[in-house]
Amino acid sequence: MEKLSVREARLADAIGRQALLQGWIRTRRDSKGGFSFLELNDGSCLANIQVVADGDLPNYESEIKHLSAGCSVSVRGEIKASGGKGQATELHAADVTVHGWADPEEFPLQKKRHSMEKLREWAHLRPRTNTFGAVMRVRNRICRSIHDFFQEDGFLYIHTPIITASDCEGAGEMFRVTTLDPENVPRDAKGAVDFSQDFFDRPSYLTVSGQLEGEIYATALGKIYTFGPTFRAENSNTSRHLAEFWMVEPEAAFFELTDNMNLAERFLKRIVNDVLANCEEDMQFFHERIDKTVMESLQTIAERNFERLSYTEAIDILEKSGEKFEFPIAWGTDLQAEHERFLTEKHLKAPVILYDYPAAIKPFYMKVNEGEVENRRTVRAMDVLVPRVGEIIGGSQREDQLDVLTARMEEQGLNTADYWWYLDLRKFGTVPHSGFGLGLERMVQAVTGMANIRDVIPFPRTPGNAEF
Ligand code: 4AD
Ligand code: MG
């Protein structure tokens, strides 16, 4: 007897096969004719398979008639054509083995709909709901597409470190990694913390981005990408910020800002097309149950050419829009979520790439545009904004001139000696190079329509929340 997943067993070509199916009961319905219908789910797809359990099974009265949501079972039997709506097949049980009971008085996932907030309290059980099963299957598909896209394009997957001494974004929003005893911190003669007694001999942190290390490998191997967890200790309780999130960061040598934009656009289109082609059932669910606009906005990513606007042009549009924004906008300020939404949802109704941001609001590593007036100095930054999510990608061409880079670092109060290795890349065979970072969770939000970023990652880390 072969073991089949529910997904496999639901296909019409499974009819006539003897199979073993294993999973968790969603519902049980007893028929007047003395048999029961069990809805079985194993996470392989959104849909359940209907199990028909006859009254003459030896454990029918003692066990089967007591099954309820959450119980785990193995069912052996024959897959037959089903007359039921929305299903080609059903499983006629010859044997039902119960592995684990789930007391209906205690098991929280009963048939009624629970709010996303409530489900967050049950992070250990929510993967057994339709919504989280669908989110995780789509998330998995996106990760596969990410690797496929870069591998097919000749990018090498490079693992950059999680623990680092440098602050890539220069925003000071890093989690410290230390083995020092907080109650007994060693101090030097001047009273400062003596890091020479710490594990790494210096202040160290969880990485906010693998970019700086990625640049090292791109300027040797040509095209690389890194894909892993990144950490930000920013105290922002919003629906699109996490303290721990996954970022994919390609970096390429001999690559200018326009190449970078083209890559980002091709990349996002590829992910969306792959999901649409491979996750039809789950996408239908998101469309019907989560957000009616999700398909439409995915079509814009898949089909429309991304608009490209300079930051200065975008500010001009926002200033002339006549909209009443909560945060007033002017040249030199960063865009807030409301501005991003206006541009992508109202003004353009499409994804947009904004480029050439003011130098003062961007990190030290971005390439300075030459020949601009001093009070409007810009850098070759690019942000990709999509409807409903806003900024999904942040990237830039990197400063490749040693003197300009050194001056920028000093301007931003960085200790250039700490970045001697980064400066070496500009001293020895420097090249124009560029890259970007895509926040995986924001991509999952864009694709699924899930409103809150806490609901597209298995275990969200946000201020005050790291229980399990
Ligand atoms: O714009 P960011 O900060 O850019 C960088 O970190 C660059 N070093 C990337 C690079 O050029 N290699 O972050 C990139 C993306 C954002 O556009 C957003 O999608 C996501 O990472 N992101 C977050 N996602 C969830 N929670 C947070 N707190 C995030 N911060 C950034
Ligand atoms: Mg950014």
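The values are calculated or read from the model by the stated rules, or taken from the named source; none is laboratory data. Predicted model only: the values in this text are computed from it and were never measured. Backbone-built Cβ (ideal geometry, glycine too); neighbour counts: all protein chains shown. Side chains included, ligands, DNA and RNA excluded: accessible areas come from the protein's heavy atoms. Shrake-Rupley method; radii C 1.70, N 1.55, O 1.52, S 1.80 Å.
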Pull up all non-local amide H partners of residue 335: gap of 5 or more, or a different chain, and H-to-H distance under 5 Å with H placed in the peptide plane. none
Kindly report the accessible area of the chain per residue (heavy atoms of protein chains, probe 1.4 Å, no ligands, DNA or RNA), in Å². 47
Could you give the semi-axes, largest first, of the ellipsoid that matches the chain, computed as the square roots of 5 times the alpha carbon gyration tensor eigenvalues and rounded to whole Å? 50, 27, 21
Are there trypsin sites (Lys or Arg not before Pro) in region 105-202 that DSSP puts in a loop and that have at most 14 other Cβ atoms within 10 Å, and which ones? 111, 112, 113, 190
Any idea which of 364, 177, 79 is furthest toward the positive side of the dipole for the chain, if Lys and Arg beta-carbons carry +1 and Asp and Glu beta-carbons -1? 79
Average projection area in nm² (convex hull over Cα atoms of region 2-109, one quarter of hull surface): 6.6
Of all chymotrypsin sites (Phe, Trp or Tyr not before Pro) in region 152-247, the ones in DSSP coil with at most 12 other Cβ atoms within 10 Å are 199
Only helices at least 24 Å long along their own axis, judged from Cα atoms, and with Kyte-Doolittle mean hydropathy of -1.0 or greater: name those in the chain from DSSP H. 130-152, 257-278
Let me know the charge dipole size of the chain about its Cα centre in debye, to the nearest 20, where only the beta-carbon of Lys, Arg (+1) and Asp, Glu (-1) is charged. 1460
Leading residue at positive end of dipole, the chain (Cβ point charges), from 55, 438, 428: 55
Run through region 376-468 and list the GluC sites (Glu not before Pro) located in a DSSP loop whose Cβ has at most 16 other Cβ atoms within 10 Å. 467
Can you give the charge dipole size of region 2-109 about its Cα centre, rounded to the nearest 20 debye, using +1 on the beta carbon of Lys and Arg and -1 on the beta carbon of Asp and Glu? 380
Subset of 269/349; 118/269; 32/85; 320/346 violating a 25 Å alpha-carbon distance limit: 118/269
Cα-projected label distance for residue 95 with residue 278, points at 7 Å along beta-carbon direction, nm: 3.5
According to a simple spin-label model (label point 7 Å from Cα along Cα-to-Cβ), what is the distance in nm between residue 196 and residue 156? 3.8
Quick one: pull the percent of accessible area on the chain belonging to carbon and sulfur, 1.4 Å probe, ligands and nucleic acids left out. 50
Order by accessible surface, 1.4 Å probe, largest leading, for residues 196, 297 comes to 196, 297
Once each part is reduced to its C-alpha centroid, what is the distance from region 95-113 to region 306-337 in angstrom? 52
